[in-house]
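J.: Here's a structure for you.
The values are calculated or read from the model by the stated rules, or taken from the named source; none is laboratory data. Keep in mind the model is a prediction, meaning the values are calculated, not measured. FYI the Cβ positions are ideal-geometry reconstructions off the backbone, even for glycines, and counts take in every protein chain you see.
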Amino acid sequence: MTLSGVSQLGRRVLIVLALASSLSAGVIFERALPTANLNNAAGADRSNISWAPGDNTYILGDDFTLGSDSVINSLSVWEVSNNGSPTTEFGSLSLYVGADPNLSFISSSYTPSLVSGYQYQGSSGTFYDVYKITFSGLNLSAAGGVLYDFGIGATPGTESSLFLHGSNAALSGSTQDGADGLFLGFTGPPYSLAYVIDPGCGRGASLGQGQRHQRGNRWIRGSGTGHVRPAGH
């Protein structure tokens with residue numbers, strides 16, 4: 001089954017949680033790839049963005065809440081690549097999950113798959129491949145109504161920064177469960193919530209170091225009014 005959620009104007013890490021149980025199996029939480037307002041042709045209504053950590057002192061992720069007690073079998077995110085496979089771009093990728101605000105290591109075993117018919121366009125006009133990264137076989141129990149955080153850690157290969165794909169919920173044209181316009185930064189290990197990051201929820205908002213097509217030295221920059229604040233503030 002697919003759980004519905006509040007879809008507010010804002011950008012979120014795209015995530016799919018797959019439920020496996022003796023009774024049913026299917027998607028239980030979804031922030032799908034956008035189907036509308038894609039790339040530079042959409043102008044100020046562009047829905048798709050990507051971001052990466054500004055340095056190696058933290059990892060990025062997001063949060064989710066399920067409607068009922070569940071067993072999570074797999075978790076997927078999307079990566080904007082530099083037109084190489086994640087298995088060559090990174091020495092390893094690791095999934096961390098936990099009840100807010102602390103994360104525990106869950107898995108470093110994942111399957112990458114190239115998204116057919118979709119590429120992410122940088123501001124220079126260059127198109128980048130997008131890969132779906134799926135951590136499976138998790139058998140992770142999650143209580144309904146509890147806020148869970150997750151983060152994705154990466155060790156360098158040919159690339160030093162993992163760019164996660166995100167979208168503006170109201171402009172995406174696809175399911176965006178639980179969008180609130182924020183994403184999260186975790187310091188460690190052991191990892192715990194350190195930053196609640198607001199990239200700016202207005203139309204056309206953008207990130208600096210957090211964009212494949214704006215690989216600047218700043219953590220956040222651009223036409224948005226986004227800011228970073230310590231967790232709990």
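J.: If the Cβ limit is 8 Å and pairs must be 6+ apart or interchain, which residue in the range 56-83 that is more than 25 Å from Ala194 (Cα to Cα) pairs with which residue that is charged (D, E, K, R) and buried (at least 20 other Cβ atoms within 10 Å of the Cβ)?
T.: Note: pairs meeting the criteria are Ser81/Glu89; Asn82/Glu89; Asn82/Arg212.
J.: Now, a different point. Take Arg31 and tell me if it is of a type in the set (D, E, K, R), under 14 Å from the mean Cα position of the chain (by Cα) and modelled with pLDDT under 80.
T.: no
J.: Give the number of residues within the range 47-60 that are within 14 Å of Gly166 (Cβ to Cβ) and modelled with pLDDT of 90 or more.
T.: Residues flagged as within 14 Å of Gly166 (Cβ to Cβ) and modelled with pLDDT of 90 or more within the range 47-60 amount to 1.
J.: A follow-up question, please. Only one of Ala143, Ala170 is in contact (Cβ under 8 Å) with a residue 60 or more places away in the chain, in contact with a Ser or Thr (Cβ under 7 Å, 6 or more places away or on another chain) and surrounded by fewer than 22 Cβ atoms within 10 Å (Cβ to Cβ); which?
T.: Ala170
J.: Among what's in the range 75-95 and is farther than 21 Å from Ser136 by Cβ and part of a loop (DSSP other than H, G, I, E, B), pick the residue that is nearest to the chain's Cα centre (by Cα).
T.: Among those that are farther than 21 Å from Ser136 by Cβ and part of a loop (DSSP other than H, G, I, E, B), it is Asn82.
J.: Starting from residues that are touching an Asp or Glu at 6+ places or on another chain (Cβ under 9 Å) and closer than 19 Å to Gly122 by Cβ, keep the ones in the range 167-186 and report whichever is modelled with the lowest pLDDT.
T.: Here the answer is Asn168.
J.: Something else now. Pairs, please: C-beta under 6 Å, at least 6 apart or cross-chain, first residue without any contact (Cβ under 8 Å) to a residue 24 or more places away in the chain and under 21 Å from Asp62 (Cβ atoms) and in the range 98-120, second of a type in the set (Gly, Ala, Ser) and surrounded by 15 or more Cβ atoms within 10 Å (Cβ to Cβ)?
T.: That search, which allows pairs on different chains as well, returns Ser108/Ser94.
J.: Tell me, which residue of the range 129-166 that is among the hydroxyl-bearing types (Ser, Thr, Tyr), part of a strand (DSSP E or B) and farther than 14 Å from Tyr96 by Cβ is modelled with the highest pLDDT?
T.: Tyr131
J.: Filter the range 96-119 for residues that are under 20 Å from Thr155 (Cβ atoms) and assigned to a strand (DSSP E or B) and give the result.
T.: Residues satisfying the conditions are Tyr96, Val97, Ser104, Phe105, Ile106, Ser107, Tyr110, Thr111, Pro112.
J.: Listed residues Pro189, Pro199; which is closer than 25 Å to Val97 by Cα and modelled with pLDDT of 90 or more?
T.: So the residue among Pro189, Pro199 that is closer than 25 Å to Val97 by Cα and modelled with pLDDT of 90 or more is Pro189.
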